[in-house]
Amino acid sequence: MAAIPFTREAMLRQLSEVPEWDVLVIGGGSTGLGTALDAASRGYKTLLLEQSDFAKGTSSRSTKLVHGGVRYLAQGNIRLVFEALRERGILLLNAPHVVSVQPFVILCYSWWQRFFYGIGLTLYDFLAGRYSLGRTAWWSRKTVLERMPTAKPENLKGGIVYYDGQFDDARLALNIAQTCAEQGGTVLNYVRVTGLTKDANRKVNGVEALDLETAQPYTLRARAVVNATGVYVDDILQLDQPDRKPLVMPSQGVHVVLDKSFLPGGTALMIPKTPDGRVLFAIPWQGHVLVGTTDTPLHQLSLEPVALDAEIDFILQTAGAYLQQPPTRQDVLSVFAGLRPLAAPDSLTGNTKEISRSHKLLVAPSGLITITGGKWTTYRQMAEDTVNAAIRVAGLPAIPCLTEKLPIHGAIPASSIPAADGPGELARYGSDAAALQALMQTEPELAQKLHPDFSYTLAQVVWAVRHEMARTVEDVLARRLRVLFLDARAALAMAPAVAALMARELNRDEAWQREQVAAFERLARHYLPQPAEKTVVQAL
Ligand SMILES: Cc1cc2nc3c(=O)[nH]c(=O)nc-3n(C[C@H](O)[C@H](O)[C@H](O)COP(=O)(O)OP(=O)(O)OC[C@H]3O[C@@H](n4cnc5c(N)ncnc54)[C@H](O)[C@@H]3O)c2cc1C
């Protein structure tokens, strides 16, 4: 099918030109985008609707690991680990510009730990088979302290090093959306599904939707409708069956971001057992250190969940026990929370660690297909299973899945990717980097930096609007660039310049600019923990 230009105007035109979609996906996180890409690449007429920006939900708030899940191995969930390790390998091949290999160390303070974790991680390698990213090895105390100079040295015996994948989750989501459009799929942000339509036999045959930018309502017909709305799947399920029991039990996970000096060097720290039995990571990410996460059962949903004080303290205290210089709240540059769409068992226990991380695929009597749970890492497999279900439900001509060998937008051979040198560098744009560089040559004023501490340029903002469907200041600062997640104060400082540039590109007036900056300031407060928040409120 012919590629659709990656602009909102071109996508909206499709809504009036296509009388019936083969597959209509609700939700633009990793699960929905993966499903839309799978369907479009098989040649089905595909539409994806996202109520906010792509990856606004959980899919931009992960630990940024493309992994098998060492923790699930400890729980004996070998099948899940095996599947995820295979998907990890496929993703590294298909998107080498956004996924990279990351060494992790488990610090050992007793010989028993060396023995126990050594066996587990050797099995992890074994399960990866031909997709292994590097051999698990023992590092002596001396090597650990050379490679991770801030690790606490008292009683340290050495460390076990193993390898997993790391990525930029929001950029991969965007790149999947771009690939979907290249395959002839239509993807729209800021269009919310508000209802389901049904035929005389009570079968779902489309959706009611609302363009949140223009308030234009749409009625869209589709042969298969997929509910991939993450923690919101129950809202869509209840549009279908108002008295349905909830399928998802949300659990909040929080990360804090610190200066690189807390973990210099390229090795990540994996803490396999926190005092309350969780796993915690401290990972070098885009020139900073990402530390998390937590697992807090919640009963309220929000697209902008807020970290609890207790979660921030838990992360800082736990990481601090392994670092020479324990981080404090004043050191936190940004804090963000995400909601896991854990598939709840029929009887909820309240203990989210026991609830399945593997995905759940359901087909309702109405034909509505719901996909939830799983991991970012396994999005491709989840998508394949979902489209296979759509073929059965809608009686579509059976076409085999192609995504295992389908390069993601931006993919270039790993050997030609320059080493990452901190945030703002162009490596993550992959094959788009050359065009971005050319833009800065033809319009040299766009080569200016947005902030003295970051290498982001004005050109990246213009690029985000022209080629990445960014519609708001938040879209740019939170997901096209990741600065809101890296350093919320720096993001606040960049907001006025970003708003001015976007207004020029999108032909908006000064009132729009003011409103955008104010909305971003309100949002950014949630990314600053208490003491820092006071400073910002005074500054505004
Ligand atoms: C703290 C944390 C850390 C994690 N770390 C990792 C990790 O390191 N590696 C890994 O593999 N996995 C990780 N995961 C899991 C992974 O992030 C999720 O499984 C995945 O992002 C879920 O994607 P999703 O598309 O199902 O949901 P979401 O990303 O939440 O997407 C659902 C989308 O649906 C949209 N939507 C809702 N209602 C409507 C509507 N009516 N109309 C239109 N759109 C709608 C929402 O706006 C949202 O964007 C982590 C999860 C959490 C919470």
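How large is the Kirkwood hydrodynamic radius of the stretch 203-270, in angstrom, based on all distinct alpha carbon pairs?
Details: mean 1/r = 0.0608 Å⁻¹.
Across the stretch 203-270, the inverse of the average 1/r is 16.5 Å.
Computed over protein heavy atoms with a 1.4 Å probe, the carbon and sulfur contribution to the accessible area of the stretch 1-102 reaches 54%. Here the chain has an Rg and Dmax of 22.7, 73 Å, counting Cα atoms alone.
If you stretched the chain out fully between residue 192 and residue 510, how much longer would it get, using 0.36 nm times the residue separation minus the C-alpha to C-alpha distance?
111.8 nm
Using a cutoff of 8 angstrom between alpha carbon atoms and counting only pairs six or more residues apart, the relative contact order for the chain works out to 18 percent. Computed with a 1.4 Å probe on the full set of protein chains, the accessible area for residue 16 sits at about 100 Å².
Rounded to 0.05, the FRET efficiency of the residue 392 and residue 324 pair, given R0 = 56 Å and the Cβ-Cβ distance, is 0.45. Candidates 32, 476, 302 compared by Cα position along the dipole of the chain: farthest toward the positive end lies 32, with charges placed on Cβ.
Can you compute the charge dipole magnitude of the stretch 1-58 about its Cα centre, using +1 on each Lys and Arg Cβ and -1 on each Asp and Glu Cβ, nothing else charged? Give it in debye, rounded to the nearest 20. Before the final figure, lay out each step's value.
On the way: 5 positive and 7 negative charges, 15 e Å.
Charge dipole of the stretch 1-58: 80 debye, to the nearest 20.
Distance distribution P(r), the stretch 65-108, all Cα-Cα pairs, bin width 5 angstrom from 0: 5, 21, 25, 22, 18, 8, 1 percent.
Computed about the Cα centre, the dipole magnitude for the chain is approximately 1360 debye when only Lys and Arg (+1) and Asp and Glu (-1) carry charge, each at its Cβ. Between the beta carbons of residue 362 and residue 466, assuming R0 = 30 Å, the FRET efficiency works out to 0.15 to the nearest 0.05. Accessible surface for residue 139 stands near 30 Å², nearest 10, in the context of the full protein assembly shown (1.4 Å probe).
On average, how much accessible surface per residue is there in the stretch 120-200, in Å², for a 1.4 Å probe, leaving out ligands, DNA and RNA?
On the way: 3050 Å² over 81 residues.
Accessible area per residue, the stretch 120-200: 38 Å².
Here is the size of the stretch 286-344 from its Cα atoms: Rg then Dmax, 13.0, 40 Å.
Each 5 Å bin from 0 upward holds the following percent of the Cα-Cα pairs of the stretch 426-540: 2, 12, 23, 23, 20, 11, 6, 3, 1. Dividing the convex hull volume of the alpha-carbon atoms in the stretch 241-281 by its residue count gives 136 Å³ per residue.
Here the spin labels are modelled as points 7 Å beyond Cα on the Cα-Cβ line, and at residue 101 and residue 303 they lie 3.9 nm apart.
Computed from the alpha carbon atoms alone, the convex hull of the stretch 93-158 holds 89 Å³ per residue.
Cross-link partners of residue 260 among lysines, defined as those whose alpha carbon lies under 26 angstrom from its own and excluding same-chain residues fewer than eight positions apart: 56, 64, 142, 152, 157, 273, 449, 534. Across the stretch 102-209 the C-alpha pair distances fall into 10 Å bins from zero in the proportions 12, 24, 19, 13, 16, 12, 4, 0 percent.
Once you have the alpha carbon radius of gyration of the stretch 1-117, what is it after dividing by 2.2 N^0.38 Å, with N set to its residue count?
Numbers: Rg = 19.7 Å, N = 117, 2.2 N^0.38 = 13.4 Å.
So the Cα radius of gyration is 1.46 times the expected 2.2 N^0.38 Å.
Could you give me D for the stretch 1-42, from Stokes-Einstein at 4 °C and 1.567 mPa s, where the hydrodynamic radius is the Kirkwood radius over C-alpha pairs? Units µm² s⁻¹, please. My calculation gives 114 µm²/s for D. The listed residues 60, 358, once ranked by accessible area (1.4 Å probe) with the largest placed first, stand as 358, 60. Accessible-area rank, largest first, for 64, 375, 152: 152, 375, 64, with all protein chains present and a 1.4 angstrom probe.
Projecting label points 7 angstrom from Cα along Cα→Cβ for residue 274 and residue 435 puts them 4.1 nm apart. Rolling a 1.4 Å probe over the protein chains gives residue 81 an accessible area of about 0 Å². Taking the Kirkwood radius as Rh and the Cα radius of gyration as Rg, the stretch 226-344 has a ratio of Rg/Rh equal to 1.07.
The values are calculated or read from the model by the stated rules, or taken from the named source; none is laboratory data. Just so it is clear, the structure is predicted and the values come from calculations on it, not from any experiment. Using ideal geometry, Cβ is built from the backbone for each residue, glycine included, and neighbour counts are taken over all protein chains shown. Remember, those area values only see protein heavy atoms, side chains included, never the ligands or the DNA or RNA. Shrake-Rupley method; radii C 1.70, N 1.55, O 1.52, S 1.80 Å.
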